[in-house]
Amino acid sequence: MKIVTTPLHQAHAHAHEFEGGRLIPAKDVPARAELVLDALRARGMGPIIQPQHFGMVPVLRVHGVEFVHMLEQAWGRWVAKYGYEVREAFPSAWPARGMRASTEDVEAALGTFCFDTATPIVAGTWAAARQAADCALTAAQCVLKGERAAFALTRPPGHHAASELYGGYCFLNNAAIAAQSMADQGRRVAILDVDMHHGNGTQAIFYGRDDVLTVSIHGDPAAFYPHFAGFADETGDGAGEGFNLNLPLPAGTAWSGWAPALETAIARVLAFAPDILVVPLGVDTHLGDPAGGFRLEGADYKRMGAALARAGLPTLFTMEGGYRLDTLGSAVADVLTAFEGG
Ligand SMILES: [Zn+2]
């Protein structure tokens, strides 16, 4: 299985995020991707390849042009306003109900396009986000050429980013960009998101469409981030009605509760009869994950990889969440090696 990655993700490095009314240490640290890479190397997986460059056309098939330009220019505008001393660009006001979106000031631009306080922009964010999208597109090309699977080690992750919205550590929706690219090349694509958190961005991007199926297994948004999407009654809109499936699960869910949801998800995917499956792979489902709330552990990740393999579809994995650093690498490696062996 080809693994697509680039050291340029390290340019997106920030010290903090806001959570629970406090500035806390960032959870999406560059070491995450390095730990995953180390674990994959230790298992002899690969080859490990660098991304090709696809330019902005495939990105703009999913994201709005004004949004993309804002991400590209945000750090420069921030520095022009605050100087280099404030090293992390966070929004501090949002155009909530009854107010007007604006991009006139950098504060307004961040508030207009960002939905949380966990996702600062720093000097290298845009370069890293573009590279992550290229990793996903490169992995998509591998699958399009007939390889059984490929893994895009995307950082920053992508599944919380919608067409014109960033948040949840995500800027560009790597999985959606790859899925759209494969759809544009004539393939029928299903997306099965196994991250602890609802893939709200991916859902929003394809919500009105019947040509790309979106399925997500995640913590019930009544209790978990992203709070405002991921409920079971979100089934699609218009032509997309019936082509979005959310499987929210309660806090403390272990494999015994998670596995049936996976079987339901895979059955829905197979009924859709896709050519290719995209799996936004987050392992923040792990017991003790600082962003999590489920209790998957150890061999559960091998079971997950084997179950995904039994679906029998060419599969593109993108890296999403997973913040418990002592188990992150082995959990990802377990999923991918079990998929290869299954
Ligand atoms: Zn997550």
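Quick note: the coordinates plus some simple rules give every number you see, no bench work behind them. Predicted model only: the values in this text are computed from it and were never measured. Every residue, glycine among them, receives a Cβ derived from its backbone with ideal geometry; neighbour counts consider all protein chains shown.
Spin-label pair Ala271-Arg41: with each label point 7 Å from Cα along the Cα-Cβ axis, the two points sit 4.5 nm from one another.
For the pair Glu104 and Arg310, the difference between a 0.36 nm per residue extended length and the Cα-Cα distance amounts to 69.1 nm. Compactness check for region 120-218: Cα Rg over 2.2 N^0.38 Å is 1.03.
Converting phi to 3J(HN,Hα) with the Karplus coefficients 6.51, -1.76 and 1.60 and the offset θ = phi - 60°, region 73-84 yields 9, 4, 5, x, 5, 4, 5, 4, 8, 10, x, 7 Hz in sequence order, with x at every glycine or proline. Globularity index of the chain is 0.91 (Cα radius of gyration / 2.2 N^0.38 Å, N = number of residues).
In whole Å, what is the distance between the alpha-carbon centres of region 271-342 and region 129-170? With region 271-342 and region 129-170 each reduced to a Cα centre, they are spaced 15 Å.
Phi angles across region 87-101 convert, under the Karplus curve 6.51 cos²θ - 1.76 cosθ + 1.60 with θ = phi - 60°, into 3J(HN,Hα) values of 8, 9, 8, 10, x, 10, 8, 10, x, 6, 3, x, 10, 9, 5 Hz, Gly and Pro given as x. For region 237-320, the Stokes-Einstein estimate of translational diffusion at 10 °C and a viscosity of 1.306 mPa s comes to 113 µm²/s, using the Kirkwood hydrodynamic radius over alpha-carbon pairs. The long axis of helix 328-341 is offset from the longest Cα principal axis of the chain by roughly 40 degrees.
Determine, from the Cβ-Cβ distance of Phe18 and Glu85 and an R0 of 22 Å, the FRET efficiency 1/(1 + (r/R0)^6), rounded to the nearest 0.05. The partial results should precede the final answer.
On the way: r = 18 Å, r/R0 = 0.83.
The computed FRET efficiency comes out at 0.75.
Taking every pair of Cα atoms in region 1-68, average 1/r, invert it to obtain the Kirkwood radius, and report Rg/Rh to two decimals. Rg/Rh for region 1-68 comes to 1.08. If you run the Gaussian network model on the chain, springs between alpha carbon atoms under 10 Å, then out of Pro25, Pro280, Pro120 the most flexible one is Pro25.
Normalised by residue number, the volume inside the convex hull of the Cα atoms of region 194-270 is 76 Å³ per residue. Within 9 Å, Cβ to Cβ, of Ser216, how many net charges do the neighbouring residues add up to if Lys/Arg are +1 and Asp/Glu are -1? Net charge in that neighbourhood comes out at -2. The DSSP beta bridges internal to the chain are antiparallel in roughly 20% of cases. Globularity index of region 9-166 is 1.14 (Cα radius of gyration / 2.2 N^0.38 Å, N = number of residues). Remark: the Asp184-Glu147 segment gains 11.5 nm on full extension, using 0.36 nm per residue and subtracting the alpha carbon distance. Among Arg43, Arg303, Arg187, the residue with the largest mean-square fluctuation in a Gaussian network model of the chain, with springs joining Cα atoms closer than 10 Å, is Arg43. Over the chain, dividing the summed -39,500 (n - 2.57) contributions of all DSSP H runs of at least 4 residues by the number of residues returns a 222 nm mean residue ellipticity of -11000 deg cm²/dmol.
In this Cβ point-charge picture (+1 for Lys and Arg, -1 for Asp and Glu), region 91-177 has a dipole of about 320 debye about its Cα centre. Counting only lysines at least 8 places from Lys145 when in the same chain, those with an alpha carbon closer than 26 Å to its own are Lys2. Comparing Asp300, Asp28, Asp326 in a Gaussian network model of the chain (Cα springs below 10 Å), the most mobile by mean-square fluctuation is Asp326. The mean sequence distance of close C-alpha pairs (under 8 Å, at least 6 residues apart), as a share of the length of the chain, puts its relative contact order at 18 percent.
For region 279-340, the residue among Ala307, Gly321, His286 whose Cα projects farthest onto the positive side of the dipole built from Cβ charges is Ala307.
The gain in end-to-end length when the Met56 to Ala299 segment is fully stretched comes to 83.5 nm, 0.36 nm per residue minus the alpha carbon separation. Put a plus charge on the Cβ of each Lys and Arg, a minus charge on the Cβ of each Asp and Glu, and nothing anywhere else: the dipole of region 198-342 about its Cα centre is then about 300 debye. Between amide H atoms placed 1.01 Å from N, distances below 5 Å from Tyr166 occur with Cys114, Phe115, all of them 5 or more places distant or on a separate chain. Computed with the Debye formula from one identical point scatterer per Cα of region 179-332, without solvent, the log10 of I(q)/I(0) at q = 0.17, 0.19, 0.20 Å⁻¹ comes to -0.93, -1.16, -1.28.
Do you know the relative contact order of region 248-319, to the nearest whole percent, from alpha carbon pairs under 8 angstrom that are 6+ apart?
Reported as a whole number, the value is 41 percent.
Taken about its Cα centre, the chain carries a charge dipole of about 660 debye when Lys and Arg each add +1 at the Cβ and Asp and Glu each add -1 at the Cβ. Scanning residues 5 or more positions from Ile49 or on other chains, those with amide H under 5 Å from its amide H are Ile3, Val4, Thr5, with H placed 1.01 Å from N in the peptide plane.
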